[in-house]
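What follows is a short report on a single structure.
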Amino acid sequence: MAAVAATPADLPEAAKARGQYARAWDRFKRNRLALVSLVFVALLVLVAIFAPLIAPYGYDETNYAAIRAGFNTDGYLLGTDQIGRDILSRMIFSLRTALIIAIGAEAVAMFLAIVIGMTAGYMGGRVDQWLMALTDILFVFPSYLLIIILVTVFGRSELTIFVAIGISSWVGTARLVRAEVLRLRVREFVEAGKAMGANGPTIALRYILPNSLGPLLVALSFGIPGAIIAEAGLALLGLGVQPPTPSWGTMIQEGQQWVLVSPHLLIWPTGLFALTMLAFTWIGDGLRDAFDPQE
Amino acid sequence: MADVILDVQNLHTEFRRNKTVVRAVNGLSYQVRAGEAVAIVGESGSGKSVGVRSLLRLIPAHGDVVQGKAHFKGIDLLALSEKQLRTIRGKDISFVFQDAMTALNPTMTLKRQLTEHLIWHGLANKETATQRAIEAMTDVGLDRPEVRLRQYPFQLSGGMRQRAMIAMAMASRPSLLIADEPTTALDVTLQRQILDILKQKKQEGMSIILITHDLGVARYFCDRVIVMYAGKAVERAPMADLLAEPAHPYSTGLLDSTLEIGMSGQELRPIPGNPPNMAAIPAGCPFAPRCPLAEERCRVEPQRLEPIGPGRDVACWKVSEGLTTATPAAAAQGTHTTEMARR
Amino acid sequence: MVTIPAQNPLLAFTTQPMVRYLAARLVRMIFSLVAVSIITFVLLQMAPGNFADIQRVTSGASELSPAQASEVIGEFQTRYGDDVPAWKQYLKFMKGAIVWDFGPSYKYPNLTVQEIIADAFPVSATLALISVAIAVVIAIPLGVLAAVNHNRSADYIPMFLLTISRAIPSYLIALFLILLFSRQLGWLPTRGWPGLKESIMPVAALSVGSIAILARYIRSSMLETLRQDYIMAARAKGGGFRPVVFGHALRNSLIPFVTIVGPYLAGLMTGTVFIESIFGIPGLGLYFADAARSRDMPLLMGSTLFFALILMTMNLFVDLIYRMLDPRIGFETSGRR
């Protein structure tokens, strides 16, 4: 039999999987805090996408006549920074950097986690042993140190930063994927797929992956803020994206220098940063409760 | 009667979750005399376990004893505060649970578990408590108790664990022992050994309430039996009478579906259908939907216990009004494969 | 899994399960350390410019006497010179590492890497230990309180508040503390270590986040334990709140708790890098970030290996404690973390 499009065997299972996600969404919707957070994050994403249209100034537009201007002065709503750049505009463009870093890092991490976790779980035996040994090693490699070393080596562009963050944050998810594969591979619908001649990758992608999206989604909802936190942390150490590209971390790091004189340089970016992290945590908690409603 | 040590009257226990109210125990009454063993028998979900746990308020937090009286040696247990109850739990009334594997704390030595309550209740000090624990262990046939005391539950075999739990319950020399499915988790030979211990305790004068789904276990040493269905007693009878001639159709069904201890080859007839949803108990006799003798009157008229003989009453108008005596082994019952719940 | 095969003749002598277990763990640790060192070394080799080049650039900035400088440069040449192939450089490094000699740092040529570690690590460790200790002391009662009041306001009010500190990274908390206590109230200095006043904010920043994570863990572990039959059995024996909650439940909830506190502490010892850099605390994290900025390869290699060693030692330590606390787990089965 050729690679199957929709076999009788997988139809009920597919329906069950869909039902599972529909139920999870129903539970998620009832969590008002999570729903509000989701709307908030969606808004931030829109702002990031349309940043050039929304931001009143460019992110590197300096105005030496208005340095560290305060709230709503000289047409700068949130004031200006130490070299006279509009804080609001820089925050809006920082969202863009955060979005790129987060999506990039999670794409790298999820790709590695799914490929390695699936391979380990599906192949078993030697392959599994070696891949798990690899995760063990990365497990004792403090993740911040690995990110810092990778950034030191490969430079500080957005690409290298998100690759570095991705490479150092896939281990936990890979183990999760592997456990899911081990759990699901003995189920009837997978057995049925095998009996119909579907090969390894087909089974992994068509039968197993759709049934383990829940835990992956939860991992993702905690991975995204994790990546943003890591990038800002790097910037705080002077290892973030190269200026003049704005990022929350850079803004925070610069703001920190002026904290005693002009705290507003720090207050606005840290405030929005904190709110965003909180929103992600509420979404993540909501997803976890929605997919795993025991407690 | 003067020697009644436990008198439960009209007990109601409810569990509330969101808006649903589950009436797990719904007007249960029974008595236990000194030195007597009473079996409470019923399917899982019949409220038999909640019915005794309610006495000492050992029910989950969302449960509530809403009505009733339970006089133990003249004191109404249900009127006591948590603090007062604590002085009775494990001292005057002890519990034996179904599975010693889970009911014993896995990270504590037997010594601590067998002696701590003696110290809480002021029954012994540290040294004498150990002595009493050793006595209790010897009593239930645990060999080398001094060695066992230093062990953890996982180091004992299943049978030894169960004995250890009984020893734990006995160490305080309670006047009433409540054994909740004490043999269900064990295989047949071990069941018999544990029942022998309980039987011996009864003969030594202890009162026992045995909760079981298995009449075969209950008949082994119990004097009287209370058959529970949907949160209340449907029949109360001396054990021998019930076995000889079950009155309530449910008792008949229960008996027909029971495997004798050490006896096999008899045909088992499971009761068709399922116990009612305790959040929506039917108006009339709750057993009516499954009863082979049910008529229209059964479905509308609530049944209450009516005496039909010495020490015997039944909640079925057909029986109490003499229309039928012992219900015939229900020939009309279909060949449903609904097995009697095993727990 | 990388464990020693059982038929290894070395192990045949040791019949003691604990000795065998420890030996297996140690071999695995050594294997992991070698792997970490290779990964780090290969990565750093890929960095533009080799060790010696960078040294030449940076050595001018150091305050060394000419005699010292030539000695240090000679040392660099034999260790990491242009004519030394990469694998030899690695072997030289590892040969030194075995006897705890990582050679001089580039940025601070008058100091060896091991001297820097010896100076800076106690600072990070102190900071992490104090913070975790405070967090544990607050988190345990908080988690227990929430669990015994499950689904009541004493449960979800603290848990809701803790979500906030769980969501926000410690460096943000540190910045908020600075904004409040240094800028607004002017009570606490923003920099300086050690000193009581100076360490309040760094310690607080580290512990606030930890409290949330640890209390949450205690709470769910406690809820799980309180559902167990033996808790009901302990109540049925007449146990009051104290003996049941503290004697039976807490004890059993703390066993899994130990498994997360250990690695958590180890992680914090390395993760203090942000707090150290905000408050200018001369811990190993600060040196590490500095080494990364100035590409001080020996210091990067040395401290990475050191951190990995700390993390693994902590894991081993936790495992041993876990096995001691939980009598069900012996040493026969080689558990994998």
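The values are calculated or read from the model by the stated rules, or taken from the named source; none is laboratory data. Everything quoted here is computed from the prediction, not taken from an experiment. Reconstructed Cβ throughout: ideal geometry from the backbone, glycine too, with neighbour counts over all protein chains shown.
Mind checking which residues of the range C:316-337 are among the aromatic types (Phe, Trp, Tyr) and modelled with pLDDT of 75 or more?
Matches in the range C:316-337: C:PHE317, C:TYR322.
How many of the residues in the range B:89-107 are surrounded by fewer than 20 Cβ atoms within 10 Å (Cβ to Cβ), facing chain C (nearest Cβ under 8 Å) and either among the hydrophobic types (A, V, I, L, M, F, W, C) or out of contact with any Pro (no Cβ under 7 Å at 6 or more places or on another chain) (or both)?
Qualifying residue count for the region: 2.
Conditions first: (1) over 28 Å from C:LEU254 (Cβ atoms); (2) under 25 Å from the mean Cα position of the chain (by Cα). B:LEU123 passes all but one, so which condition is the exception?
Result: B:LEU123 passes all but (2).
Condition check: within 20 Å of C:ILE260 (Cβ to Cβ), at pLDDT 85 or above and part of a helix (DSSP H, G or I). Does C:PHE307 satisfy that?
Working: within 20 Å of C:ILE260 (Cβ to Cβ): yes; at pLDDT 85 or above: yes; part of a helix (DSSP H, G or I): yes.
Yes: the conditions hold for C:PHE307.
Return the pairs, sorted by first residue and then second, in which the second residue is assigned to a helix (DSSP H, G or I) and aromatic (Phe, Trp, Tyr), the first residue lies in the range A:114-128 and is buried (at least 23 other Cβ atoms within 10 Å of the Cβ), the beta carbons are less than 9 Å apart, and the residues are 6+ apart or on different chains.
A:ALA120/A:TRP130
Of the residues A:ILE87, A:ILE54, A:ILE101, only one is away from every other protein chain (no Cβ under 14 Å) and modelled with pLDDT of 90 or more; which? Walk me through it before giving the result.
Working: A:ILE87 fails: modelled with pLDDT of 90 or more; A:ILE54 fails: modelled with pLDDT of 90 or more.
Of A:ILE87, A:ILE54, A:ILE101, the one residue that is away from every other protein chain (no Cβ under 14 Å) and modelled with pLDDT of 90 or more is A:ILE101.
So, in the range A:144-161, of the ones that are of a type in the set (S, T, N, Q) and part of a helix (DSSP H, G or I), which residue ends up nearest to C:MET301 (Cα to Cα)?
Here is the first cut: in the range A:144-161, the residues of a type in the set (S, T, N, Q) are A:152, A:157, A:160.
Then drop every residue that is not part of a helix (DSSP H, G or I), which leaves A:152, A:160.
Values: A:THR152: 12, A:THR160: 21 Å.
Out of the qualifying residues, it is A:THR152.
Of everything in the range A:131-178 that's aromatic (Phe, Trp, Tyr) and within 9 Å of chain C (Cβ to nearest Cβ), which residue is nearest to C:MET46 (Cα to Cα)?
At the first step, the residues of the range A:131-178 found to be aromatic (Phe, Trp, Tyr) are A:139, A:141, A:144, A:154, A:162, A:170.
Subset that is within 9 Å of chain C (Cβ to nearest Cβ): A:139, A:141, A:144, A:154.
Values: A:PHE139: 22, A:PHE141: 19, A:TYR144: 19, A:PHE154: 8 Å.
Among them, the one singled out is A:PHE154.
Does the range C:113-135 hold any residues that are polar (S, T, N, Q) and either in contact with a Lys or Arg (Cβ under 6 Å, 6 or more places away or on another chain) or crowded, with 22+ Cβ neighbours inside 10 Å (or both), and which are they? Give the steps one after another, and end with the answer.
The initial filter retains those residues of the range C:113-135 that are polar (S, T, N, Q), namely C:114, C:124, C:126, C:131.
Correct list: C:SER124, C:SER131.
Does C:TRP187 satisfy the condition of being more than 25 Å from C:ILE164 (Cα to Cα) and surrounded by fewer than 19 Cβ atoms within 10 Å (Cβ to Cβ)? Full working, then the answer.
On the way: more than 25 Å from C:ILE164 (Cα to Cα): no; surrounded by fewer than 19 Cβ atoms within 10 Å (Cβ to Cβ): yes.
For C:TRP187, the condition - more than 25 Å from C:ILE164 (Cα to Cα) and surrounded by fewer than 19 Cβ atoms within 10 Å (Cβ to Cβ) - is not met.
When you go through C:LEU254, C:LEU286, C:LEU300 one by one, which is the residue that is farther than 28 Å from C:GLY96 by Cα, within 11 Å of another protein chain (Cβ to nearest Cβ) and either at pLDDT 85 or above or part of a helix (DSSP H, G or I) (or both)? Outline the logic, then answer.
On the way: C:LEU286 fails: farther than 28 Å from C:GLY96 by Cα; C:LEU300 fails: farther than 28 Å from C:GLY96 by Cα.
Answer to the selection: C:LEU254.
Quick check on the range C:171-209: of everything there that is in contact (Cβ under 8 Å) with a residue 60 or more places away in the chain, in a helix (DSSP H, G or I) and within 11 Å of chain A (Cβ to nearest Cβ), which residue is farthest from the chain's Cα centre (by Cα)?
C:ILE178
Conditions (1) crowded, with 20+ Cβ neighbours inside 10 Å; (2) closer than 30 Å to B:GLY68 by Cα, marked per residue:
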position	(1), (2)
B:GLN191	yes, no
B:ILE211	yes, yes
B:VAL225	yes, yes
B:GLU235	yes, yes
B:SER257	no, no
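Considering the range B:10-55 alone, what residues qualify as being more than 13 Å from B:GLY231 (Cα to Cα) and more than 14 Å from the chain's Cα centre (by Cα)?
Answer for the range B:10-55, where residues must be more than 13 Å from B:GLY231 (Cα to Cα) and more than 14 Å from the chain's Cα centre (by Cα): B:ARG16, B:ARG17, B:ASN18, B:LYS19, B:THR20, B:VAL21, B:ARG33, B:ALA34, B:GLY35.
For the range C:260-272, state whether one or more residues are touching a residue at least 12 places away in the same chain (Cβ under 8 Å), within 17 Å of C:ALA146 (Cβ to Cβ), among the hydrophobic types (A, V, I, L, M, F, W, C) and touching a Ser or Thr at 6+ places or on another chain (Cβ under 6 Å).
Among the residues of the range C:260-272, not one is touching a residue at least 12 places away in the same chain (Cβ under 8 Å), within 17 Å of C:ALA146 (Cβ to Cβ), among the hydrophobic types (A, V, I, L, M, F, W, C) and touching a Ser or Thr at 6+ places or on another chain (Cβ under 6 Å), which makes the answer no.
Select, from A:ILE148, A:ILE87, the only residue that is touching a residue at least 40 places away in the same chain (Cβ under 8 Å), under 20 Å from A:ALA48 (Cβ atoms), of a type in the set (Val, Ile, Thr) and buried (at least 24 other Cβ atoms within 10 Å of the Cβ).
Working: A:ILE148 fails: under 20 Å from A:ALA48 (Cβ atoms).
Exactly one of A:ILE148, A:ILE87 is touching a residue at least 40 places away in the same chain (Cβ under 8 Å), under 20 Å from A:ALA48 (Cβ atoms), of a type in the set (Val, Ile, Thr) and buried (at least 24 other Cβ atoms within 10 Å of the Cβ), namely A:ILE87.
Taking C:ARG216 as meeting all but one of (1) in a helix (DSSP H, G or I); (2) modelled with pLDDT under 90; (3) more than 11 Å from every other protein chain (Cβ to nearest Cβ), write down the number of the exception.
Of (1) in a helix (DSSP H, G or I); (2) modelled with pLDDT under 90; (3) more than 11 Å from every other protein chain (Cβ to nearest Cβ), only one is false for C:ARG216: (3).
Please enumerate the residues belonging to the range A:92-129 that are under 30 Å from A:GLY79 (Cβ atoms) and either in contact with a strand residue (DSSP E or B) (Cβ under 8 Å, 6 or more places away or on another chain) or of a type in the set (Gly, Ala, Ser) (or both).
Result: A:SER94, A:ALA98, A:ALA102.
Would you mind stating whether B:ARG86 is facing another protein chain (nearest Cβ under 9 Å) and surrounded by 19 or more Cβ atoms within 10 Å (Cβ to Cβ)?
Working: facing another protein chain (nearest Cβ under 9 Å): yes; surrounded by 19 or more Cβ atoms within 10 Å (Cβ to Cβ): yes.
When the stated conditions are applied, B:ARG86 passes them.
Is it the case that some residue within the range A:35-52 is more than 21 Å from the chain's Cα centre (by Cα), surrounded by fewer than 13 Cβ atoms within 10 Å (Cβ to Cβ) and more than 17 Å from A:LEU99 (Cα to Cα)?
Of the residues in the range A:35-52, the ones more than 21 Å from the chain's Cα centre (by Cα) are A:52.
Applying the additional criterion that residues be surrounded by fewer than 13 Cβ atoms within 10 Å (Cβ to Cβ) yields A:52.
Adding the requirement that they be more than 17 Å from A:LEU99 (Cα to Cα) leaves none.
Checked against the condition, which is being more than 21 Å from the chain's Cα centre (by Cα), surrounded by fewer than 13 Cβ atoms within 10 Å (Cβ to Cβ) and more than 17 Å from A:LEU99 (Cα to Cα), the range A:35-52 yields no hits at all.
Sort out which residues of the range B:108-152 are surrounded by fewer than 16 Cβ atoms within 10 Å (Cβ to Cβ), outside any loop (DSSP other than H, G, I, E, B) and away from chain C (no Cβ under 13 Å), and write them in order of number.
Scanning the range B:108-152 gives B:LYS126, B:GLU127, B:THR128, B:GLN131, B:GLU135, B:THR138, B:GLU146, B:VAL147.
Please work out which residue is nearest to A:GLY19 (Cα to Cα), limiting yourself to the range A:195-223 and to residues that are in a helix (DSSP H, G or I) and of a type in the set (S, T, N, Q).
Selected residue: A:ASN211.
Among residues belonging to the range A:279-295 that are facing another protein chain (nearest Cβ under 9 Å) and of a type in the set (Asp, Glu), point out the one that is surrounded by the fewest Cβ atoms within 10 Å (Cβ to Cβ).
The extreme case among them is A:GLU295.
Just give me the residues in the range B:304-331 being at pLDDT 85 or above, crowded, with 17+ Cβ neighbours inside 10 Å and assigned to a loop (DSSP other than H, G, I, E, B), in sequence order.
B:LEU305, B:ALA315, B:CYS316 - these are the residues of the range B:304-331 that are at pLDDT 85 or above, crowded, with 17+ Cβ neighbours inside 10 Å and assigned to a loop (DSSP other than H, G, I, E, B).
Identify all residues within the range B:178-193 that are in a helix (DSSP H, G or I), among the polar types (S, T, N, Q) and within 17 Å of B:ALA164 (Cβ to Cβ); write none if there are none.
Going through the range B:178-193, the residues in a helix (DSSP H, G or I) turn out to be B:188-193.
Restricting the remaining residues to those that are among the polar types (S, T, N, Q) gives B:189, B:191, B:193.
Across the range B:178-193, the qualifying residues are B:GLN191, B:GLN193.
Just checking, does the range C:97-106 include any residue being within 14 Å of another protein chain (Cβ to nearest Cβ), aliphatic (A, V, I, L, M) and within 28 Å of the chain's Cα centre (by Cα)? Give the steps one after another, and end with the answer.
First pass over the range C:97-106, keeping only residues within 14 Å of another protein chain (Cβ to nearest Cβ): C:106.
Filter again for aliphatic (A, V, I, L, M), leaving none.
Checking the range C:97-106: not a single residue is within 14 Å of another protein chain (Cβ to nearest Cβ), aliphatic (A, V, I, L, M) and within 28 Å of the chain's Cα centre (by Cα).
Please enumerate the residues belonging to the range C:131-170 that are within 11 Å of another protein chain (Cβ to nearest Cβ), polar (S, T, N, Q) and either on the phi > 0 side of the Ramachandran plot or in a helix (DSSP H, G or I) (or both). It would help to see each step written out before you state the result.
At the first step, the residues of the range C:131-170 found to be within 11 Å of another protein chain (Cβ to nearest Cβ) are C:148-152, C:159-160, C:162-170.
Subsequent filtering for residues that are polar (S, T, N, Q) retains C:149, C:151, C:163, C:165, C:170.
Within the range C:131-170, C:ASN151, C:THR163, C:SER165, C:SER170 meet the criteria.
Look through the range A:251-278, keep the residues that are within 13 Å of A:LEU95 (Cβ to Cβ) and more than 7 Å from every other protein chain (Cβ to nearest Cβ), and return whichever of them is surrounded by the most Cβ atoms within 10 Å (Cβ to Cβ).
So the residue we want is A:PRO269.
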